[in-house]
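Trainee: Before I ask anything, here is the structure I am working with.
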Amino acid sequence: MLTDIVFEDDRWQKLDFAALMERAAVQTLRHLEFDPSDYEIAVLACDDARIAELNTEFRDKPTPTNVLSWPSDERASDTDGGMPEAPELPMDAELGDIAISFDTCAREAEAAGKPMQEHVSHLIVHGALHLLGYDHIRDLDATLMEETEVLILGTLGIDSPY
């Protein structure tokens, strides 16, 4: 199993989050031509209160957010729009950690008129890409990340969120 999940909010269980997480994370790695059986992602399935604590502690933003990612290593390209560095096995088998908030995801899905499962799948792909060195701070990096997300989501049968 690629993902190791800690459930702090039981509402995630009713959404079958473990299956959603595994499917989206596996598809992300496969799309990038990585063998998912070689890697691990730690996941915290939480609520707004917990993710706000984490967002305050790690990003100095005292508000809830949908998803946070902590890569185990810096893999981003030095060049805006360049491909991130591939993780090196066996030392990079643990890709990093993701936290995701049920409350924010539910609000965003409802506001966008999307099924919760589709929105959560998008955020899992987004978070996994962050663990793999993708980012959206610089313009060309954002373009690369969004295009990659759209391609992966398409393989999951999910329309572009952009």
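Trainee: Be a star and scan the range 71-104 for residues whose amide nitrogen sits under 14 Å from the point 7 Å along the Cα-to-Cβ vector of Asp38.
Mentor: 85-95
Trainee: Using Cα centres only, tell me the gap between the range 11-53 and the range 117-162 in whole Å.
Mentor: For the range 11-53 versus the range 117-162, the Cα centre distance is 13 Å.
Trainee: Now for a different question. Between Arg30 and Glu8, how many nm apart are label points set 7 Å from Cα along the C-beta direction?
Mentor: Label-label distance for Arg30 and Glu8, simple model: 3.1 nm.
Trainee: Considering only the range 1-120, what is the antiparallel percent among its DSSP beta bridges, to the nearest 5?
Mentor: Values: 5 of 17 bridges.
Counting only bridges with both partners in the range 1-120, antiparallel ones make up about 30 percent.
Trainee: I would also like to ask the following. HN-Hα J couplings of the range 73-86 from phi, Karplus 6.51/-1.76/1.60, θ = phi - 60°, integer Hz, Gly and Pro as x?
Mentor: After applying 6.51 cos²θ - 1.76 cosθ + 1.60, I find 8, 7, 10, 5, 6, 6, 9, 4, x, x, 6, x, 6, 6 Hz.
Trainee: At 0.36 nm per residue, minus the direct Cα-Cα distance, what do Glu94 and Ile137 gain on full extension? Give it in nm, one decimal, please.
Mentor: Details: separation 43, 0.36 × 43 = 15.48 nm, distance 2.40 nm.
Length gained, Glu94 through Ile137: 13.1 nm.
Trainee: Taking the number of other C-beta atoms within 10 Å as the exposure measure, put Lys61, Lys114, Lys14 in order starting with the fewest. Please list the in-between numbers first.
Mentor: On the way: Lys61 12, Lys114 16, Lys14 8.
Placing the least packed residue first, the sequence is Lys14, Lys61, Lys114.
Trainee: Compute the convex hull volume of the Cα atoms of the chain, divide it by the residue count, and report the result per residue in Å³ as a whole number. List each step's numbers first, then the result.
Mentor: Details: hull volume 17.9 nm³, N = 162.
Value for the chain: 110 Å³ per residue.
Trainee: Given charges of +1 on the Cβ of Lys and Arg and -1 on the Cβ of Asp and Glu, with all other atoms neutral, how large is the dipole of the range 3-155 about its Cα centre, in debye to the nearest 20?
Mentor: Values: 11 positive and 34 negative charges, 117 e Å.
Result for the range 3-155 is approximately 560 debye, rounded to the nearest 20.
No value in this document is a laboratory result; all are computed from the given coordinates. Owing to the predicted nature of the structure, the values given are computational and were not obtained by experimental measurement. We place every Cβ from the backbone using ideal geometry, glycine too, and count neighbours over all the protein chains shown.
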